[in-house]
1. Run a plain Debye calculation on segment 72-150 (Cα atoms as equal point scatterers, no solvent) and give log10 I(q)/I(0) at q = 0.12, 0.13, 0.18, 0.25 Å⁻¹, rounded to two decimals, same order as the q list.
2. Once the other residues with Cβ under 15 Å from the Cβ of ASN125 are scored (Lys, Arg +1; Asp, Glu -1), what is the net sum?
3. Over all alpha-carbon pairs in the chain, figure out the percentage whose distance exceeds 21 Å.
4. Report relative contact order for the chain in percent, whole number only (criteria: Cα-Cα under 8 Å, sequence separation at least 6).
5. Determine the calculated [θ] at 222 nm for the chain from helices alone, applying -39500 (n - 2.57) to every DSSP H run no shorter than 4 residues and normalising by the residue count; nearest 500 deg cm²/dmol.
Amino acid sequence: MKRDRQTEILKLIHENEIETQEELVEKLKEKGFDVTQATVSRDIRELKLMKVAGDSGRQRYALLQNQTPGTAGRYVRVLREACQSIEPAGNLIVVKTAPGMAMAAAAAMDELDWNEVVGSIAGDNTIFCAVRSTDQAPIVAERLGNIIRQKEE
């Protein structure tokens, strides 16, 4: 059931510009899946879906895993577009993003696979990124800031 549902999610986001979890829930229900928003949220995390700019200009879910060597550049672009501020707070880094972009930015941060980072939690426009120690948090925040401020190549 889960595999069928996740396969359908991938098909739906490929064929449609789905912007919200609620839209995805409705499309899945139209296809005969009895799902909740919480289930879809878990599926989105497991599938490593991110929000990207669609052809129409609105945000949409897309699959960004198992990419070619150019993947790192895409993650950097997501971070540059989404992140508005970075602030260390103890062993956390608080990242403010554009509305609706925190999940995409957190997924991009996770894909950087930095050893100092334990994990992150994203809301709508805020990310809490847990770092192994309070000494490492300012260093990681600075490194993230440097990535965001880099000039486009």
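1. Those come out to -0.26, -0.30, -0.60, -1.22, one per q.
2. On the way: positive: LYS51, LYS96; negative: GLU81, GLU87, ASP124.
Neighbour charge sum, excluding ASN125 itself: -1.
3. On the way: 5395 of 11628 pairs.
Within the chain, distances greater than 21 Å cover 46 percent of Cα pairs.
4. 17 percent
5. Details: 6 runs with 71 residues, N = 153.
Mean residue ellipticity, 222 nm, calculated: -14500 deg cm²/dmol.
Laboratory data are not the source of any read-out in this text; all were calculated from the coordinates shown. Worth saying up front: this structure is predicted, and the values here are computed from it rather than measured. Glycine gets a Cβ as well: all are built from the backbone with ideal geometry, and neighbour counts include every protein chain shown.
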